[in-house]
């Protein structure tokens, strides 16, 4: 049988394939051993195609991390209560992002931070979508559970920061009891107090 004719990829289809190949290569070999050449081989394209879009490996890796995060969204729950929404979202986020955080942390410690000149906080801000938890809080505010006018942003970020910390430290999702503790013992007393 003749070999099927390969169709050329263009635009978003090509970019998505390149970013997926970069993610897969990052997962398989790690940041330190990842090269533009190895990504090009995996994507079945040339290095020139990569360099037309990303100036270097670091920019490509950051784009691949962002692409993976946005291509695998975590559904925002609506349980009817702030407590229920937070527990459900933190648990789902933890499960969905455990591998992501392990890969991102490994890349950071393998040179991504030094090579890009960015701090961990800058990388976090680039890769995380804060609008998701703002939506969750806005719904709670609209239901009258919390007053967003009086809660400092650091308090609103705290449950997510603690779960992210646990993911980075343990490289696995926090247990359900830990998530309930963050919500019930730390967060809710602060926002309802």
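Readers should treat all values here as calculations from the given coordinates under stated rules, not as data from a laboratory. Worth saying up front: this structure is predicted, and the values here are computed from it rather than measured. Ideal geometry is used to build each Cβ from the backbone, glycine not excepted, and the neighbour counts take in all protein chains shown.
Full extension of the chain between residue 15 and residue 180 yields a length gain of 55.4 nm, computed as 0.36 nm times the residue separation minus the alpha carbon distance. Measuring max minus min along each principal axis, the C-alpha atoms of the range 11-64 give extents of 27, 18, 18 Å (largest first). In terms of other Cβ atoms within 10 Å, 23, 54 run from fewest to most in the order 54, 23. For the range 145-193, the fraction of C-alpha pairs farther apart than 17 angstrom is 36 percent.
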